[in-house]
Each structure stands twice: as C-alpha cells, then as structure tokens.
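All remarks here apply to the structure that follows.
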Amino acid sequence: MEKSREAMDKERQELPFWQERLNTLACQYEQFEKEIIQFTKEAGIRCPEGCGACCSAAYEPEVSLPEGEYAARYILEEQQELESRFSMMKKRSCCIFYDESTPFHCMIYPARPVICRGFGFSGYTNKYGEFIYRPCRHMHPSQFKEHYSNGPIISRYQAQVSFGSEFLPISEAIYLGWQKLKYLNGCSGPEDRAS
C-alpha cells in the first residue's frame, strides 16, 4: 500500500492538474447533492432516524483514488485529529471514519465519496435507459411515493469522479490520498501547497 518515492515524485510534477481535479470533484459533488435533495423532496424519502447501518456494515464500499484524495484534503485542512484513525487500518471491520456518536455517523461527512452521498437516494438506468430507484433495505416501502421516473444516477457520478483511476476500499483510498498529500505538502513551497 505504500507508494514509492518515484511514484510520489511523478505526482509532485502533476500538482497543478491534481489541484484542478479536486476542484472539479467538489463541483461534481455539489451537483450530485442538488439532485439528491430534489429527488428526496419529490419522493418523500429519508434515512430512518439514527440508522447508520450503511456505514457500520462489515464491508467497505469502494471509491476512486481522487475521492480518497478529496477526503484526505478535508482531514488535513479541517480535522487533523482524524489522522490517528489510520492506525486502525489493519483491524478495521468497516469504514474507519464511522462513528455512531457523530451526526450522520460520519467523521468526514462534508467530504464523503459519491457512494456515501447517494446510497439509498439514487438509482441506475436499465437497458432501456429507464431510471430504476434502488432504496436502502432499511428504508420502508411505506415511505415511498408510487413511481419514480427520474432521479440521480449514481454510476454516472462515480464515472465522473474517478478520472479513470482504480477503485479501492474507502479506508485504503483515503489513506493513500493522505500519504500523497503529506508528501506533496512536505515537498512544496508555501506558494504551491497541495491543500
């Protein structure tokens, strides 16, 4: 999981592109959030009060490396105390940023990846191009209005935010992003800090 110095030196040369990519990612997250808010209002859906089951499951969703870098930037800029969570990497059973005592059960909620933003509030298209809503199993059918013909399509946003990169379990992607940021910030001058 550790990156070689050569790989990180190459990333250092790509710093301006990398910063632009994170800014683009922020805009894509904002657009996705708008679609989700509109959809949840129209559909009349919400998570069950105090649930958090999607984050405490015994698996981790996979996210793109740029999404991991985005969350790592949030940690370094806003929540440096969360860096200690990386010590849990080897013994984790779910996302290392899950915390049932925090709002929404997420310590990185403002920087959470697409899968976390859209889970239970988005869908996919079938082979005919029709929108198919996919609710969380903890959302009760009595909450739903009869038919949804349109809504956020999670796979479209996942493709946009991946920038062609690989997908890894969320904790690993954020850890690699954190390593990259720490390296870039250590090598850059004050005028071109990565965060």
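Show the residue pairs meeting these rules: Cβ distance below 7 Å; 6+ apart or different chains; first residue within the stretch 167-195 and under 20 Å from Ser84 (Cα atoms) and among the polar types (S, T, N, Q); second residue buried (at least 16 other Cβ atoms within 10 Å of the Cβ) and at pLDDT 90 or above.
Qualifying pairs under 7 Å: Ser195/Arg73; Ser195/Leu76.
Suppose we keep only residues that are charged (D, E, K, R) and not in a helix (DSSP H, G or I) within the stretch 21-77. Which one would you say is surrounded by the most Cβ atoms within 10 Å (Cβ to Cβ)?
Of everything passing the filter in the stretch 21-77, Glu60 is surrounded by the most Cβ atoms within 10 Å (Cβ to Cβ).
Which of the residues that make up the stretch 107-133 are exposed (fewer than 14 other Cβ atoms within 10 Å of the Cβ), in contact with a helix residue (DSSP H, G or I) (Cβ under 8 Å, 6 or more places away or on another chain) and assigned to a loop (DSSP other than H, G, I, E, B)?
Across the stretch 107-133, there are no qualifying residues.
For residues in the stretch 79-106 being exposed (fewer than 12 other Cβ atoms within 10 Å of the Cβ), in a helix (DSSP H, G or I) and charged (D, E, K, R), which is modelled with the highest pLDDT?
The residue in question is Glu81.
Output the residue which, of all residues in the stretch 158-193 that are among the polar types (S, T, N, Q) and part of a helix (DSSP H, G or I), is modelled with the lowest pLDDT.
The residue in question is Asn185.
Mind checking whether some residue in the stretch 69-78 is out of contact with any Leu (no Cβ under 8 Å at 6 or more places or on another chain), charged (D, E, K, R) and in contact (Cβ under 8 Å) with a residue 40 or more places away in the chain?
Looking through the stretch 69-78, at least one residue is out of contact with any Leu (no Cβ under 8 Å at 6 or more places or on another chain), charged (D, E, K, R) and in contact (Cβ under 8 Å) with a residue 40 or more places away in the chain.
The values are calculated or read from the model by the stated rules, or taken from the named source; none is laboratory data. The structure presented is a predicted model; accordingly, all values stated were derived computationally and were not measured. Because the Cβ atoms are built from the backbone with ideal geometry, glycine has one as well, and the counts that use them run over all protein chains shown.
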